[in-house]
Amino acid sequence: MDLHIKETKQLVAEAFSEFFKEKCSTGDDVHIALSGGSTPKIVFDYLAAEYGAEIDWSNVFLYWGDERCVPPSDSESNYKMTVEHLISKIDIPEENIFRILGEDNPEEEAKRYSKVLDEQLPKANGIPCFDLVMLGMGDDGHTVSIFPYNIELWEMPENCRVAKHPDSGQQRVTFTGKLVNNAKTIAFLVTGAGKTEKVTRIIKEQEGYKEYPASLVSPKQGELHWFLDQDAAAGL
């Protein structure tokens, strides 16, 4: 596990953007699973402005680790956020973008997207293998759309499952743990004082930490990075 602790959320975004650019500079195809949230928004803005012209986007293939079951025009859509803050600002072929169809039947879409991943990605251990998976973590310790109450979804055999937000009941299509942990590189982007307790408990493996889905992120053969601001890292 590598910790990257920066003073502010903006500096976290800048450090991760440079990390992202390096991952895209191998000359090979790069398959990346994106996340939603406030920190990726800043990342995408900075990435497009500073490195948009440096990255050969024809080699970059974009996917999403989870998506709310809403149309792509909805303000809650992770895809819409990515279009506004990154995709609309870079020269990436449309055929390199594989969005989750949040407007479709959730169960059918989870099956369809699982199949897309099987067909598009290289395999390792017989499982689709991402070059990079971006993850966020909620105040409750959830990651992708697997929450403490439905943590059993992490171990499901499918690539994707339908999850429900514990408060709103909103349905979401989400990666399962087998996909996340099969990636070559996993990077958490976690900022804010609201995350301090869970970050501390998970990274220090304190009592009860395994109740949080984010604690189950443990790449089989790859790297795990935590990009944190000072607020989130205050307990380390």
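The values are calculated or read from the model by the stated rules, or taken from the named source; none is laboratory data. Being a predicted model, the structure only gives us computed values, none of them experimental. Because the Cβ atoms are built from the backbone with ideal geometry, glycine has one as well, and the counts that use them run over all protein chains shown. Ligands, DNA and RNA are stripped out before the accessible areas are found, and what is left, the full protein with its side chains, is counted by its heavy atoms. Shrake-Rupley method; radii C 1.70, N 1.55, O 1.52, S 1.80 Å.
Do we find that GLU107 is open to solvent by 20 Å² or more (accessible area, probe 1.4 Å) and closer than 23 Å to PHE20 by Cβ in this structure? Spelling it out, it is not the case that GLU107 is open to solvent by 20 Å² or more (accessible area, probe 1.4 Å) and closer than 23 Å to PHE20 by Cβ.
Residue-by-condition table, conditions (1) touching a strand residue (DSSP E or B) at 6+ places or on another chain (Cβ under 8 Å); (2) farther than 30 Å from VAL70 by Cα; (3) at pLDDT 95 or above:
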residue: ILE146; (1), (2), (3): yes, no, yes
residue: ASN150; (1), (2), (3): yes, no, yes
residue: GLU155; (1), (2), (3): no, no, yes
residue: GLN171; (1), (2), (3): yes, no, yes
residue: GLY177; (1), (2), (3): yes, no, yes
residue: VAL180; (1), (2), (3): yes, no, yes
residue: ILE203; (1), (2), (3): yes, yes, yes
residue: GLY222; (1), (2), (3): yes, yes, no
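Residues that are in a strand (DSSP E or B) and in contact (Cβ under 8 Å) with a residue 40 or more places away in the chain were ranked within the stretch 53-111; the one that is farthest from ASN182 (Cα to Cα) is ARG68. Residues in the stretch 206-221: is at least one in contact (Cβ under 8 Å) with a residue 60 or more places away in the chain and of a type in the set (S, T, N, Q)? The answer is yes; a qualifying residue exists. Output yes when any residue across the stretch 115-132 is touching a residue at least 24 places away in the same chain (Cβ under 8 Å), aromatic (Phe, Trp, Tyr) and open to solvent by less than 20 Å² (accessible area, probe 1.4 Å), and no when none is. Scanning the stretch 115-132, I find at least one residue that is touching a residue at least 24 places away in the same chain (Cβ under 8 Å), aromatic (Phe, Trp, Tyr) and open to solvent by less than 20 Å² (accessible area, probe 1.4 Å), so the answer is yes. Does TYR149 satisfy the criteria of being in a helix (DSSP H, G or I), farther than 23 Å from ILE42 by Cβ, of a type outside the set (A, V, I, L, M) and open to solvent by 50 Å² or more (accessible area, probe 1.4 Å)? Answer is yes for this residue. If only residues of the stretch 204-236 that are crowded, with 20+ Cβ neighbours inside 10 Å and among the hydrophobic types (A, V, I, L, M, F, W, C) are counted, the one that is nearest to ASP140 (Cα to Cα) is ALA214.
On the stretch given as the stretch 21-39, residues that are open to solvent by less than 50 Å² (accessible area, probe 1.4 Å) and either closer than 15 Å to TRP226 by Cβ or in a loop (DSSP other than H, G, I, E, B) (or both) total 5. Pick from the stretch 190-217 the residues that are in a loop (DSSP other than H, G, I, E, B) and in contact with a helix residue (DSSP H, G or I) (Cβ under 9 Å, 6 or more places away or on another chain): which of them is nearest to LYS9 (Cα to Cα)? Step by step, filter the stretch 190-217, then rank; the result is THR191.
Out of (1) open to solvent by 70 Å² or more (accessible area, probe 1.4 Å); (2) in contact (Cβ under 8 Å) with a residue 40 or more places away in the chain; (3) touching a strand residue (DSSP E or B) at 6+ places or on another chain (Cβ under 6 Å), the odd one out for LYS164 is which? Failed condition: (2). Does the stretch 179-196 hold any residues that are open to solvent by 30 Å² or more (accessible area, probe 1.4 Å) and within 12 Å of VAL217 (Cβ to Cβ), and which are they? Across the stretch 179-196, there are no qualifying residues.
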